[in-house]
2 protein chains.
Amino acid sequence: MSPAAQDTALSPFLAAASGKRTTHTPVWFMRQAGRSLPEYRAIRGEGSILDAIKQPRLAADITLQPVTRYGVDAAVLYSDIVVPAHAVGFGIDVAPGTGPVAEQPFRVHADLQRLREFEPETDTPYVLETVRMLASELKVPLLAFAGAPFTVGSYLVEGKPSRDHLITKQMMTTEPQLWHDLMQRLAQHAVASLRSQLDAGASAYQLFDSWAGNLTQDQYRDAVLPHSTHVFSELKRSHPHAPSIHFGVGCDHLLELMHSAGATVIGLDWRTSITDARTRLGKDTVVQGNLDPSLVQSDVATALAGADRVLADNANHSGHIFNLGHGVTPGVNPDVLAAVVQHVHERTRS
Amino acid sequence: MSPAAQDTALSPFLAAASGKRTTHTPVWFMRQAGRSLPEYRAIRGEGSILDAIKQPRLAADITLQPVTRYGVDAAVLYSDIVVPAHAVGFGIDVAPGTGPVAEQPFRVHADLQRLREFEPETDTPYVLETVRMLASELKVPLLAFAGAPFTVGSYLVEGKPSRDHLITKQMMTTEPQLWHDLMQRLAQHAVASLRSQLDAGASAYQLFDSWAGNLTQDQYRDAVLPHSTHVFSELKRSHPHAPSIHFGVGCDHLLELMHSAGATVIGLDWRTSITDARTRLGKDTVVQGNLDPSLVQSDVATALAGADRVLADNANHSGHIFNLGHGVTPGVNPDVLAAVVQHVHERTRS
């Protein structure tokens, strides 16, 4: 075990992720590193995030910025869910202001040739260098992440951000074998990516299935769940002590199914109340979330009132990691987020 | 009772809406009239829908087109949810390809002056002329509709279509009195609009709260539900026999709350299974829905397989109105929708 890992072994984040009592409820924010921070805009430069993360010192500094500013209880690697697909040469980029775009989307079996297996050590050595830097510099746990096979697959199939994922749903319905092969390959990407980040010093990981909420229960159960379950079970085999978080937006109708995929922690968006989640999934369920991101877009009083409702909803349960219900948006005032962190820490200090 | 209303009193649509046995499961599609139909594109012309509906013969013909083509069991008035706000001079239009836009959004109390009470007989006589034409020409019931106070209000406050409704949520949180006054006024618009359509010959009505699914349970309960409840109770008072449908997208987490607003029928999007809805709301709950709209974007076989899953989910319950889980998108092939109507009719014929 590395010295850094020892330092963080009893951190509030890792304790809460295992449902253990902590000195205070840990807080981090999805997309806490990024455009909402002036210090990010000062060093980030132009161009795709996929170029920026090729500079380990830059990526590490961006990852550290919100930890320094907010005093959050976890760092989250500055990266993107399409990194593996980009690195193996599929032909996908992240267009600033738009999101992932692929000129030649994934539509037929031959497209699998552009999507070989992902080998993190040789395909993205710079990511692992960033993780190692951070593991030696951070005083809080580093969170690895990967995109879930469905959400990454939807970008590959649609070729751009989509609201309804029509082509993706058509493929899973009319070409189940092609869809299955795509999901298997992307599950390999997620497993390899997460394992390599954990081996390099990350302490926990989150699987982002951000757009799964657009699916019916049947579609999710048949075409998606087996592949996300595979990711968690593979990671549990290689890294049995690393807490895992499973997150999606608008997934209230999929809560039981997503929970069955086997993660340690279920991430909730603002639509699902924490009380409801524990009623449905079991009273000891460890949850992450779930302040409505719109409530940190206004003044401090509004944000703290919202945070208090989340804390009341959690009712002093030890298994709670405080977060927003989705990522921080670029227009957020960092002072509001700083006030939320301080407030949650003070209110929950034991 | 007019002759037209007598003719439709025992229609499958009206029977199912009351949970009564029918000769077959009735079908209609949200946005069945519109860009997906070549005959619509042939007569519609350019410009805003708000101008098109000022021509009663044109609006009636557009309303009739899908009834003729598909043999659906209900017609739905060709109109828009912002018609009342536009008619009282708020300053909102529907930009083709974009949606509702207001140059001066609703932000302060003085904006209420641009949003006086709605008087359908003098503000939109052409709408009522269209309804009267249709009531005398149609062989199936005509469905009236209105936007729910929240969804219309979100357009007025944001000034354009929005994904996250940040400004709207800020207003309901930080300026509850201003929000309440806005909702009260928009509830008056909805009540007046629906009453006038029913008086002119419509047989049932749907309240569209399309974007309510973006709210937390607390936000919906405190800031929205009282106003939608008011609309349904006012209509029940004046038109006790007209079935009502309450519809939103992504509202699985709000299902019990929306149901409590008092509509006869709960509209489900594709995320909520019919079985789940009846487990949660009561076994005799009348539901409308809920084929995933993406499944009618492909071939006939895909659409019919999806329709069969919806019918299986409903399990021969008499209280079912077949529909998509959201509106028909412009790219849909009308032949696929026609096949769905025929298939559902044949499969459920008693």
Top-ranked residue of the stretch B:127-137 - restricted to ones that are closer than 21 Å to residue B:12 by Cα and more than 19 Å from the chain's Cα centre (by Cα), ranked as surrounded by the most Cβ atoms within 10 Å (Cβ to Cβ): B:137
Any hit, the stretch A:112-127, residues being within 21 Å of residue A:30 (Cα to Cα) and within 14 Å of another protein chain (Cβ to nearest Cβ): no
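One line per residue, one yes/no per condition, for (1) farther than 25 Å from residue A:288 by Cα; (2) among the hydroxyl-bearing types (Ser, Thr, Tyr):
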{"residue": "A:82", "(1), (2)": "no, no"}
{"residue": "A:92", "(1), (2)": "yes, no"}
{"residue": "A:113", "(1), (2)": "yes, no"}
{"residue": "A:123", "(1), (2)": "yes, no"}
{"residue": "A:128", "(1), (2)": "yes, no"}
{"residue": "A:142", "(1), (2)": "no, no"}
{"residue": "A:150", "(1), (2)": "no, no"}
{"residue": "A:154", "(1), (2)": "no, yes"}
{"residue": "A:168", "(1), (2)": "yes, yes"}
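When you look at residue B:262, is it in a loop (DSSP other than H, G, I, E, B), among the small types (Gly, Ala, Ser) and at the interface with chain A (Cβ under 10 Å from one of its Cβ atoms), yes or no? Full working, then the answer.
Values: in a loop (DSSP other than H, G, I, E, B): yes; among the small types (Gly, Ala, Ser): yes; at the interface with chain A (Cβ under 10 Å from one of its Cβ atoms): no.
Against the criterion (in a loop (DSSP other than H, G, I, E, B), among the small types (Gly, Ala, Ser) and at the interface with chain A (Cβ under 10 Å from one of its Cβ atoms)), residue B:262 does not qualify.
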Failed criterion for residue B:78 (all others in (1) more than 17 Å from the chain's Cα centre (by Cα); (2) among the aromatic types (Phe, Trp, Tyr); (3) buried (at least 21 other Cβ atoms within 10 Å of the Cβ) hold): (1)
Test: residue in the stretch A:279-286 that is surrounded by 20 or more Cβ atoms within 10 Å (Cβ to Cβ), in contact (Cβ under 8 Å) with a residue 24 or more places away in the chain, closer than 22 Å to residue A:148 by Cβ and at the interface with chain B (Cβ under 10 Å from one of its Cβ atoms): no
Residue within the stretch B:241-248 that is within 13 Å of chain A (Cβ to nearest Cβ) and touching a helix residue (DSSP H, G or I) at 6+ places or on another chain (Cβ under 6 Å) present: yes
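Condition test on residue B:42, is it without any contact (Cβ under 8 Å) to a residue 12 or more places away in the chain and either of a type in the set (Asp, Glu) or closer than 30 Å to residue B:298 by Cβ (or both)?
Details: without any contact (Cβ under 8 Å) to a residue 12 or more places away in the chain: yes; either of a type in the set (Asp, Glu) or closer than 30 Å to residue B:298 by Cβ (or both): yes.
So residue B:42 passes the test.
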Single residue of A:198, A:182, A:225, A:207 found to be more than 14 Å from chain B (Cβ to nearest Cβ), under 18 Å from the mean Cα position of the chain (by Cα) and farther than 16 Å from residue A:260 by Cβ: A:198
All positions within the stretch B:186-212 that are assigned to a helix (DSSP H, G or I) and crowded, with 24+ Cβ neighbours inside 10 Å: B:186, B:189, B:190, B:193, B:194, B:197, B:212
Pick from the stretch B:250-259, criterion over 16 Å from the mean Cα position of the chain (by Cα) and crowded, with 21+ Cβ neighbours inside 10 Å, ranking: farthest from the other protein chains (Cβ to nearest Cβ): B:254
Meets criteria (outside any loop (DSSP other than H, G, I, E, B), of a type outside the set (A, V, I, L, M, F, W, C) and within 14 Å of residue A:147 (Cβ to Cβ)) for residue A:227: yes
Qualifying residue in the stretch A:284-304 (condition: aliphatic (A, V, I, L, M), in a helix (DSSP H, G or I) and under 23 Å from residue B:257 (Cβ atoms)): yes
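Report yes if residue B:313 is acidic (Asp, Glu), part of a helix (DSSP H, G or I) and either crowded, with 22+ Cβ neighbours inside 10 Å or within 12 Å of chain A (Cβ to nearest Cβ) (or both), otherwise no.
yes
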Sole exception among (1) buried (at least 19 other Cβ atoms within 10 Å of the Cβ); (2) under 27 Å from residue B:69 (Cβ atoms); (3) within 21 Å of the chain's Cα centre (by Cα) for residue B:339, by number: (3)
Residue A:267 in contact (Cβ under 8 Å) with a residue 40 or more places away in the chain, within 20 Å of residue A:291 (Cα to Cα), crowded, with 24+ Cβ neighbours inside 10 Å and small (Gly, Ala, Ser): yes
The stretch A:158-179 - residue that is within 12 Å of chain B (Cβ to nearest Cβ), part of a helix (DSSP H, G or I) and of a type outside the set (S, T, N, Q) and, of those, farthest from the chain's Cα centre (by Cα): A:176
Members of the stretch B:287-302 found to be without any contact (Cβ under 8 Å) to a residue 40 or more places away in the chain and either under 14 Å from residue B:344 (Cα atoms) or at the interface with chain A (Cβ under 10 Å from one of its Cβ atoms) (or both), listed by number: B:289, B:290, B:292, B:293, B:294, B:295, B:297, B:298, B:299, B:300, B:301, B:302
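Read-outs: derived from the displayed coordinates by stated rules, not from any lab. Just so you know, these numbers come straight off a predicted model, no measurement behind them. Counting neighbours? That spans all protein chains shown, and the Cβs are built from the backbone with ideal geometry, glycine included.
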